[in-house]
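This report refers to the structure that appears directly beneath it.
The values are calculated or read from the model by the stated rules, or taken from the named source; none is laboratory data. Bear in mind that the values here come from a model prediction, so they are computed numbers and not experimental data. Note that we place each Cβ from the backbone using ideal geometry, even for glycine, and neighbour counts take in every protein chain shown.
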Amino acid sequence: MEMITNHMPTAELQALDAAHHVHPFSHQDELAAKGARVITRAKGVTLVDSEGIEILDAMAGLWCVNIGYGREELAEVAARQMKELPYYNTFFQTTHVPVIALSAKLAELAPGDLNHVFFGGSGSEANDTNLRLVRTYWAQKGKPEKKVVISRHNAYHGSTMAGASLGGMSGMHAQGGLPIPDIHHINQPNWYTEGGDMDPAEFGIKRAQELEKAILEMGEDRVAAFIAEPVQGAGGVIVAPDTYWPEIQRICDKYEILLIVDEVICGFGRTGNWFGSQTLNIRPDIITIAKGLSSGYAPIAASILSDEVAEVINATEFNHGYTYSGHPVAAAVALENLRILEEENIIETVREDTGPYLKEKWESLADHPLVGEVKIVGMMGSLALTPDKATRAPFKTDPGTVGFKCREHCFANNLIMRHVGDRMVISPPLVITKAEIDTLIERARKALDLTLVQLKKEGLFK
Ligand SMILES: *Cc1c(COP(=O)(O)O)cnc(C)c1O
């Protein structure tokens, strides 16, 4: 076979891709007809495709490249670790320095008494771990009936059987017989689409109290845990009303259930603090981390457990683990990523300088005729598109039709902005500069303008 390289014509690469590569979350035949865009390199916040075109990546890959692309320090650490000890497991009474160092560092950074780290290779795996872990925890405490985990509709917790079941994505539940038993979903705190005439503060309380209602209905003796993202990411950057989390915390404190906070997106600076739990003042028993942990340079994830949870789990043999739990190369890369985040004050800069700047510019898009709501926390933001700002009405097309059109205009204008239904979302690398933020906003506004023109032509906007 001919060697396949960056130097091949784009059309040939696309044809081979279509012939042999099955893409995640994609309609394969439709994509094959169009041809996937081939990304060849990246630096900072900029991707380069096989035609040499530069694209501003306002999604940091999949919400993960927090320190930006092209940091050679991480490549060097990976090479060094591969030469010294490319792999060894930690199952059978052995350990290694990268996993020791990373565990200790995470214990130092994580809030409260979250001091004990169980590693996996992805956020989905870490949430699988959490599901087994909380059930094992209660079984150890003599309450094996406490098995139900409560989650929320439109939550995202990964794509494995447990991850997708814990998540609340209807499209995912529709395939493959999900959710698995003993997972219960309550409504999300999405005031914009579900709040009706209710005041947002009142709506926040009401949605939080669905947790209490569910616990009481099923019985406290059956519920193991509640899991939630501080800010729903893949659900469309849904920021709960301010009243929501204090009420959730009250309920978790009142009843004997564990609070699992999925920090896979919110962790490592995304919200302007190390963890979303700190930004929103949440006290978790377990957190899930992945993505920004290594800025996506290597696949690694973890569950971090409180002293109390660890004490119970550590007193038995937890029959669970992955070949790549605490992989030495991934752990070394993650450590270097944390060093850079810390030493270059990247999170502080997001909180105090570039974050507020992005917020001001992002919120300026509120004047656009298509934009019904603007939300932003740190460096994750969303715009809800609507044909009628006053009523927050949805479009007359299937949800996502308009969002997809807008995304296509972004992509054609070299901006990666994602759509979730008819919400546009951003989550740029945390190192984005003010000049790059200006470009992002300029291209986003242009895409909105082009979408509006198209919608008017198609009779979807009056
Ligand atoms: C991405 C994501 C996951 C799943 O992580 P993978 O590494 O894709 O398995 C879990 N939870 C949240 C909140 C995520 O955003």
State yes or no: is Thr433 in contact (Cβ under 8 Å) with a residue 60 or more places away in the chain and outside the structural domain of Glu194 (by TED's automatic domain parsing)?
-> yes
Val48 fails exactly one of (1) more than 30 Å from Ser382 (Cβ to Cβ); (2) part of a strand (DSSP E or B); (3) more than 16 Å from the ligand (Cβ to nearest atom), namely (1)
Of all residues making up region 79-134, the number that are of a type in the set (Ser, Thr, Tyr) and within 16 Å of the ligand (Cβ to nearest atom) = 3
Does region 81-91 contain any residue that is surrounded by 13 or more Cβ atoms within 10 Å (Cβ to Cβ) and closer than 30 Å to Val48 by Cβ?
-> yes
Going through region 249-280 in order, the residues found to be assigned to a helix (DSSP H, G or I) and either away from the ligand (no atom under 16 Å from the Cβ) or under 17 Å from Ala126 (Cα atoms) (or both) are Gln249, Arg250, Ile251, Cys252, Asp253, Lys254, Gln278
Test result for Glu210, under 14 Å from His153 (Cα atoms) and within 24 Å of the chain's Cα centre (by Cα) | yes
Can you tell me which residues in region 136-151 are away from the ligand (no atom under 13 Å from the Cβ), crowded, with 19+ Cβ neighbours inside 10 Å and not β-branched (Val, Ile, Thr)?
-> Tyr137, Trp138, Lys146
Would you check which residues across region 281-305 are of a type in the set (S, T, N, Q) and either more than 22 Å from the chain's Cα centre (by Cα) or within 16 Å of the ligand (Cβ to nearest atom) (or both) and list them?
-> Thr288, Ser294, Ser295, Ser303
Those residues of region 281-313 which are acidic (Asp, Glu) and in a loop (DSSP other than H, G, I, E, B) amount to Asp285
Quick check: is even one residue across region 431-443 assigned to a helix (DSSP H, G or I), in contact with a strand residue (DSSP E or B) (Cβ under 7 Å, 6 or more places away or on another chain), farther than 21 Å from Leu31 by Cβ and of a type in the set (Val, Ile, Thr)?
-> yes
Restricted to region 29-43 and to residues being in contact with a helix residue (DSSP H, G or I) (Cβ under 8 Å, 6 or more places away or on another chain) and not in a loop (DSSP other than H, G, I, E, B), the residue surrounded by the fewest Cβ atoms within 10 Å (Cβ to Cβ) is Leu31
Working only within region 51-108, note down all residues that are in contact with a strand residue (DSSP E or B) (Cβ under 7 Å, 6 or more places away or on another chain) and either part of a loop (DSSP other than H, G, I, E, B) or aromatic (Phe, Trp, Tyr) (or both).
-> Ala58, Met59, Gly68, Tyr69, Gly70
Test: residue in region 386-399 that is within 27 Å of Tyr156 (Cα to Cα), not small (Gly, Ala, Ser) and not in a loop (DSSP other than H, G, I, E, B) = no
Restricting to region 153-174, what's the tally of residues that are more than 9 Å from the ligand (Cβ to nearest atom) and of a type in the set (Gly, Ala, Ser)?
-> 7
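Quick grid of which residues meet (1) surrounded by 15 or more Cβ atoms within 10 Å (Cβ to Cβ); (2) at pLDDT 95 or above; (3) in a helix (DSSP H, G or I); (4) outside the structural domain of Glu247 (by TED's automatic domain parsing):
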site	(1), (2), (3), (4)
Ala164	yes, yes, yes, no
Met172	yes, yes, yes, no
Gln175	no, yes, no, no
Ile180	no, yes, no, no
His184	yes, yes, no, no
Gln188	yes, yes, no, no
Thr193	yes, yes, yes, no
Gly204	yes, yes, yes, no
Arg207	yes, yes, yes, no
In region 57-89, what residues are in contact with a Lys or Arg (Cβ under 6 Å, 6 or more places away or on another chain) and on the phi > 0 side of the Ramachandran plot?
-> Trp63, Gly70
Expected output for region 352-370 (first residue in the same structural domain as Thr451 (by TED's automatic domain parsing), partner buried (at least 19 other Cβ atoms within 10 Å of the Cβ) and charged (D, E, K, R), Cβ below 9 Å, 6+ apart or cross-chain) is Trp362/Lys375
Number of the exception - Ala104 against (1) in contact with a helix residue (DSSP H, G or I) (Cβ under 9 Å, 6 or more places away or on another chain); (2) surrounded by fewer than 23 Cβ atoms within 10 Å (Cβ to Cβ) | (1)
Criterion: basic (Lys, Arg) and crowded, with 22+ Cβ neighbours inside 10 Å - qualifying residue of Arg392, Arg423, Arg443 | Arg423
Boolean, Val333 is surrounded by 21 or more Cβ atoms within 10 Å (Cβ to Cβ) and either more than 18 Å from the chain's Cα centre (by Cα) or not hydrophobic (A, V, I, L, M, F, W, C) (or both) = yes
